[in-house]
């Protein structure tokens, strides 16, 4: 019975914490920039172009620099990404996204440390990995995951 009451208490506090995050200025900024990004036709066009270019990139990755179009596609991917990242709405969204991720990481770290210093918590947006990268691609992105 005590364990059940403790679990209910933990869940209640977790819900309160979640509500605090949802009502925070950081979340409000994230939601506003996301809505603005989704409504901006130019930004959506750039995101689609980058997504399409990533498909070509994934094909090239299978063969690496031995692919006949490797250098051209790699150059196109970088320029398309740069163009997308330079869009005002995309840039604002990325800043808001990083701020929200930072808040969530700080909360996770605080909760983990309140239990034990040995508990790992995400840092800098990374999932619980020693490499610092949480992409889950097995190193295909160039990280050491």
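Sort largest first and round to whole Å: the equivalent ellipsoid semi-axes of region 78-126, each the square root of five times a Cα gyration tensor eigenvalue. Could you put the intermediate results ahead of the total?
Details: eigenvalues 208, 24, 3 Å².
Output for region 78-126: semi-axes of 32, 11, 4 Å.
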### Task
Distance between Cα centroids, region 69-106 to region 1-62: provide it in whole Å.
15
### Message
So for region 2-115, averaging the separation of alpha carbon pairs under 8 Å that are six or more residues apart and normalising by length, what relative contact order in percent results?
### Response
32
#### Entry: Hydrodynamic radius (Kirkwood) for region 2-115, which is based on Cα pairs only, to one decimal in Å
17.4
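Throughout, read-outs are computed from the coordinates displayed, never taken from laboratory work. The model shown is predicted, which means the values in this text are computed figures rather than measured ones.
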